[in-house]
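Asker: Could you have a look at this structure, given as structure tokens, before my questions?
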Amino acid sequence: MNVEQLALRSVALVADAIESLDAQLLRGTFGPVTARAEQVAAAFGSTAHLRINGNRVKGFAQHSGFYRTMDGWVRTHANYPHHEHRLLQALGAQGRVSLADALQKLTSIQAQELIVDAGGIAAKVQSRKQWLGSAAGKAAQEGHWAQFSHHHGTGQSVWEPNAEGYGPLSGLKVLDMTRVIAGPTATKTLAAFGAQVLRVDGPRFPELTEQHIDTGFSKRSTVLDISNPADKSVMDDLLAETDVLICGYRPGSLGRFGLGITQLQEKYPNMIIAELNAWGYDGPSSARRGFDSIVQAACGIADAYRSEDGTPGALPVQALDHATGYGLAAAIISMAQARVEHRIVGHVRFSLARTAEALFAFGTAVEPPEELKLPELGHKLSPYGNLEYALPPFEVNGQSLDFPASPPRYGEDHPLWL
């Protein structure tokens, strides 16, 4: 599969969006923005390059992976402790061996549904033909990669780009309600270009420390329990001043707190809203949890990457996550420009399943990827120690772009705009 083109094209969208904003609103004071292939590759494989005090970060947890079933394979995702607990509890398993034994007694679809019904994460490994013939697969093919809608705002944009700031997005207030890789990649990209990003997590399921470090550069991090009236009031105050909200929760899950997308659009008509999820917004899987690896299993990628012994495989990097993240960032930058220039307020939706369709549309690479130079890496001191990390995949005026700041201590920032 042509992962290289998916990566290069998604990053190029961000560079084009920044250049357009710079040319139209800053009169070219920021400078030309480009990307080098080796830096793009490093950014898409960021966890492989991250070192914390010289130590590598761990990969998938022990209960995440491919397991044989009676009639094929299933892929599980158990990196988060609560998902691991639900997976093992659903199958009455105590460890990897007993989990494997339990799954071999079920069909792939039985295993998938049993785990999902328990609140865990799993997907039957399907061929491309099976996916395209399913209701979920047909729904994922509908519409454009970025699904936009627009309306006229009720007043002039509060935010305008400022040539005096750190970058072309300096002062843009971005509320980050996303987790894992795709959404946080979008917001760390916006932060690299100067946006003020505040990530808000709930208290029940904290982000994995290494994941927070990898995606937390130049952001602030806070924890709010929006089921608590006091914290919900703080959230409302934040939203009242927010330029951009990016939300990665399952469709409909925040409606009971008054934070559904339609509710937010009515209350904050000048706020740009970006959404992402795993499976899209129509079809039988739209409300299900999912991750890059799980979507790969369902849509035919894992089947296409089988090893010689028949074991399903995976893309060399979490390309669906990263490409979706850069696509989101590009869309947000373009919508921010449209709000300033035309008082048009945008809403955009992305999904990992639709990004998988974009990857398949690129076809198979005609030639093997060229051998890349070693990437330039960044180095910063952080609350977690010395970090070595993949830089943003951009050059500005021929110089590598770096993040303005290291990741903060998780959840310890005050929930306010600076």
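Read-outs: derived from the displayed coordinates by stated rules, not from any lab. What you see is a predicted model; the values in this text were computed from it and never measured. Quick reminder, even Gly has a Cβ in these numbers, built from the backbone with ideal geometry, and neighbours come from all protein chains shown.
Asker: Mind jotting down the three principal axis lengths of region 93-183 based on Cα atoms? Whole angstrom, largest first.
Answerer: 63, 34, 22
Asker: May I ask you to list the trypsin sites (Lys or Arg not before Pro) in region 357-418 that are in a DSSP loop and have at most 11 other Cβ atoms within 10 Å of their Cβ?
Answerer: LYS373
Asker: State the Cα centre-to-centre distance between region 8-40 and region 131-176 in whole Å.
Answerer: That distance is 17 Å.
Asker: Continuing with this model, one more query. For region 217-272, taking Cα atoms only, what is the radius of gyration to one decimal and the Dmax to the nearest whole Å?
Answerer: 11.5, 32
Asker: Karplus couplings for region 324-337 from phi (6.51 cos²θ - 1.76 cosθ + 1.60, θ = phi - 60°), rounded to Hz, Gly and Pro as x?
Answerer: 4, x, 5, x, 4, 4, 4, 4, 5, 4, 5, 5, 5, 5
Asker: Still on this structure, I have one more. Looking only at the chain, where both bridge partners belong to it, what percent of the DSSP beta bridges are antiparallel (to the nearest 5)?
Answerer: The antiparallel fraction comes to roughly 55 percent.
Asker: What list of ³J(HN,Hα) couplings, whole Hz, do you get for region 92-106 from phi and the Karplus terms 6.51, -1.76, 1.60, once you set θ to phi - 60° and write x for glycine and proline?
Answerer: Here the 3J(HN,Hα) series is x, 9, 10, x, 5, 5, 5, 5, 4, 4, 5, 5, 5, 8, 10 Hz.
Asker: Can you sort ARG349, ARG9 from fewest to most other Cβ atoms within 10 Å of each residue's own Cβ?
Answerer: Placing the least packed residue first, the sequence is ARG9, ARG349.
Asker: Here is a further query. Take the Cα coordinates of the chain, assign each an equal point scatterer, and use the Debye formula without solvent to give log10 I(q)/I(0) at q = 0.07 Å⁻¹.
Answerer: So the normalised log intensities work out to -0.32.
Asker: Express in whole angstrom the spacing between the alpha-carbon centres of region 381-418 and region 59-127.
Answerer: Between the Cα centres of region 381-418 and region 59-127 lies a distance of 35 Å.
Asker: On a straight-distance basis, which lysines could pair with LYS380 in a cross-link, Cα separation under 30 angstrom, same-chain partners fewer than 8 positions away excluded?
Answerer: Here the lysines satisfying the reach criterion relative to LYS380 are LYS58, LYS173, LYS188, LYS219.
Asker: Using helices alone, what [θ] at 222 nm do you get for the chain, with -39,500 (n - 2.57) per DSSP H run of 4 or more residues, divided over all residues and rounded to the nearest 500?
Answerer: It comes out at -11000 deg cm²/dmol, rounded to the nearest 500.
Asker: In whole Å, what are the extents of region 308-410 along the principal axes defined by its C-alpha atoms, from largest to smallest?
Answerer: 53, 41, 33
Asker: Go through 37-47, 102-112, 183-193 and give me the packing order, highest mean Cβ count within 10 Å leading.
Answerer: 183-193, 37-47, 102-112
Asker: Helix 81-91 against the longest principal axis of the chain: what's the angle in degrees, Cα atoms only, rounded to the nearest 10?
Answerer: 20 degrees
Asker: On average over all directions, what projected area in square nanometres does region 1-109 have, based on the convex hull of its Cα atoms?
Answerer: Quarter of the Cα hull surface area: 11.4 nm².
Asker: Then there is this: Relative to the longest principal Cα axis of the chain, at what angle does helix 108-117 sit, 0 to 90 degrees, rounded to 10?
Answerer: Helix 108-117 sits roughly 50 degrees off the main axis of the chain.
Asker: Using a Cα-Cα cut-off of under 19 Å, which aspartates and glutamates could be cross-linked to LYS124, ignoring same-chain neighbours fewer than 8 residues away?
Answerer: Leaving aside aspartates and glutamates fewer than 8 places away in the same chain, those within reach of LYS124 are ASP71, GLU84, ASP101, GLU113, ASP292, ASP303, ASP309, GLU357.
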